[in-house]
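Taken together, the values in this text are just the output of simple stated rules run on the coordinates, not laboratory data. Note that the structure is predicted; figures quoted are calculated from it, not measured. Glycine also receives a Cβ, built like all others from the backbone with ideal geometry; neighbour counts cover every protein chain displayed.
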Amino acid sequence: MCVSAKQQCRRLYAGVRDAMTAAERDAVNAAITQALTASDLYRDANVILAYVSIRSEVETRAIISHALAHNKTVAVPLCIGEQMEFYCISALDQLRPGRFGVPEPDPATCVNCDPPPTALCLVPGLAFDRSGRRLGYGAGFYDRYLAAHAVLRLGLCAARCLADTLPAEPTDQTMDSILTESGFVAFNKI
């Protein structure tokens with residue numbers, strides 16, 4: 001696998017995502033939030049592992065708030081060195097600016113989450129493909145976490161960032177399903 005192919009794809013899909021207007025982004029976010037929170041997949045999950053969106057990622061704060069309001073356990077990632085762990089939160093105001101500018105939980109006030117296999121992990125990405133592959137940002141945090149934890153993996157992206165195929169490496173983890181504003185694309189156990 002040529003790393004430059006991934007770098008080219010990252011630039012391409014970052015540009016596609018960043019080129020969305022505010023109205024387009026709002027429509028995508030609303031449709032994804034509605035479809036997810038109305039789904040059996042979400043309803044059946046008692047534990048939600050959710051990234052906290054930044055920049056042009058699919059917005060997750062409404063999903064996090066919905067999950068908390070419906071008494072689900074919600075955990076968000078904290079990067080520690082080269083590893084990522086999820087910590088339980090009870091409110092969005094427990095987050096503080098962290099690595100890469102991503103809001104993170106304070107490990108002094110939040111508890112580490114040991115997710116059950118039924119936990120639903122919402123995974124960010126620049127793009128996903130129709131085989132469940134994810135194009136991440138290149139640091140490998142989600143690949144390492146997903147390789148070590150058996151959870152349900154749901155990639156969130158705008159439909160314009162769903163590719164037919166993406167470059168992949170052996171360490172890249174695949175999704176069980178992807179959700180765009182057009183609906184779910186399932187691959188594995190979902």
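Quick look at the numbers
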quantity: The stretch 47-129: C-alpha gyration tensor shape, a/c 1.5 cut-off, then a/b vs b/c; calculated: rounded
quantity: Global geometry of the stretch 2-111, whether rounded, prolate or oblate, following the gyration tensor of its Cα atoms and the 1.5 cut on a/c; calculated: oblate
quantity: Neighbour-count ranking [beta-carbon atoms within 10 angstrom, fewest first] of 100, 187, 128; calculated: 100, 187, 128
quantity: Integer Hz, Karplus 6.51/-1.76/1.60 couplings in order for the stretch 38-49, x for Gly and Pro; calculated: 8, 7, 5, 4, 6, 4, 7, 8, 8, 10, 10, 9
quantity: Length gained when the stretch residue 5-residue 187 is fully extended (0.36 nm per residue, less Cα-Cα span); calculated: 63.1 nm
quantity: Of (1) 16.4, 48; (2) 15.5, 45; (3) 17.5, 58, the label for Rg and Dmax of the Cα atoms in Å derived from the coordinates; calculated: (2)
quantity: For the stretch 1-79 versus the stretch 115-151, the gap between their alpha-carbon centres in whole angstrom; calculated: 12 Å
quantity: Gaussian network model of the chain, Cα within-10 Å springs - most flexible of 82, 57, 24; calculated: 82
quantity: For the stretch 133-138, 3J(HN,Hα) per residue [Karplus equation, 6.51 cos²θ - 1.76 cosθ + 1.60, θ = phi - 60°, Hz, x = Gly/Pro]; calculated: 6, 10, 9, x, 8, x
quantity: Antiparallel bridge percentage (DSSP; both residues within the stretch 3-186; nearest 5); calculated: 55 percent
quantity: Relative contact order (%) - criterion: Cα under 8 Å, at least six apart; region: the chain; calculated: 23 percent
quantity: Residue among 139, 88, 116 farthest towards the positive dipole end of the chain, charges placed on Cβ; calculated: 139
quantity: Dipole magnitude of the chain, debye to nearest 20 (Cβ charges: Lys/Arg +1, Asp/Glu -1, about Cα centre); calculated: 280 debye
quantity: Residues in the stretch 79-110 that a label on residue 139 would reach, taking backbone N under 11 Å of a point 7 Å out along Cα→Cβ; calculated: 79-85, 98-104
